[in-house]
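**Q** My questions will all concern the structure given below.
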Amino acid sequence: MPPSVDPSDEEALIETGCELAEMGRTEAAIDCFRMADELGSALGSYNLGNALSELGHWPEALAAFERAEAAGDEDAILQVAFALRELDRRDEALETAERAAAAGDTTAAAVVACWRWCTSWDPSLEDDLRAGAELYASARSDLGSLLIRSGRVEEGRAVLERGMLMGEVESMLPLGNLYADALGDPIAAEAAYRAGAELGDAHAHHNLAVLLDEQGDIEGAIEHFRLAAAGGDTLAAQALRDLEQELRDDDDE
């Protein structure tokens, strides 16, 4: 905590915390936000929840967002829903997001549509996903998937391509899959997978590795299987072991 910050000055604590967060000093930012939170600041609680979320401290983040909501911050309701989902309390998460949507949060309505789509593939969600596509990146990618599943491949591709052009990682993997599996365009598929991989999508690394393996680029495949495995993709970890074993077997022959 910088000595110049008055620990009783809520506004100064939040301002300093935001500056520290922008500098990548998340732990120090948390100290500032926590002190503002303890002063009863709704914004302090909200920012504390965001900073804790960044570190993956979901139980603490949930508690902070709940305090922000209780203090009157309506934006915190959706963040409560996200934290609940991260804690695998999915029914509660959906109920909370629905409550935020009912209160007029249009982004929350898009989130609800996405979460319903992921569990139902219900085509009647199309209008809700369209309404949310410019508000929530996953709504755009889910809309693309819905269109493709319903036979409107070109429209689905256009939706996903727009997402990719806007830098939305959520659209890159499904776009790559569309190019690879349905449109037979491995060059475009590779470009989409690489774009997603560069933004840290482990599954994009995985699918890029599969594509490179099919093209005979074993070194590239191993590199991206490793990156996918490091990102938590268990299927990629197994594929990497299988590929490395195959290479050892070839060397023994």
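Each reported figure results from applying straightforward, stated rules to the coordinates on display, with no laboratory input. Predicted, not measured: the structure shown is a model, and the values here were computed from it. Cβ: placed from backbone, ideal geometry, glycine included. Neighbour counts: every protein chain shown.
**Q** So which chymotrypsin sites (Phe, Trp or Tyr not before Pro) in the range 152-253 end up in coil per DSSP with only 12 or fewer other C-beta atoms within 10 Å?
**A** For chymotrypsin sites (Phe, Trp or Tyr not before Pro) across the range 152-253 that sit outside H, G, I, E and B with at most 12 neighbouring Cβ atoms in 10 Å, the list is empty.
**Q** Same structure, new question: Hey, rough spin-label estimate for Glu74 and Glu219, points 7 angstrom out along Cα→Cβ, what's it come to in nanometres?
**A** 5.8 nm
**Q** For the range 151-253, just run the numbers: alpha carbon Rg, then divide by 2.2 N^0.38 Å, N being how many residues it has.
**A** Working: Rg = 14.5 Å, N = 103, 2.2 N^0.38 = 12.8 Å.
So the Cα radius of gyration is 1.13 times the expected 2.2 N^0.38 Å.
**Q** Taking the Cβ-Cβ separation of Arg25 and Arg99 as r and a Förster radius of 25 Å, what is the calculated FRET efficiency to the nearest 0.05?
**A** 0.15
**Q** Using helices alone, I'd like the mean residue ellipticity at 222 nm for the chain: each DSSP H run of four-plus residues gives -39500 (n - 2.57), total over residue count, nearest 500. Don't skip to the answer; put the middle values down first.
**A** On the way: 15 runs with 191 residues, N = 253.
Rounded to the nearest 500, the figure is -24000 deg cm²/dmol.
**Q** Report the label-to-label distance for Val153 and Asp9 in nanometres (one decimal), using points 7 Å from each Cα along the Cα→Cβ vector.
**A** Calculated label separation equals 6.3 nm.
**Q** Ok, one more. For Cα pairs less than 8 Å apart in space and 6+ apart in sequence, what is the mean separation divided by the residue count of the chain, i.e. the relative contact order in percent? If you can, show how the numbers build up before the last one.
**A** On the way: 361 pairs, mean separation 17.2, N = 253.
After rounding, I find 7 percent.
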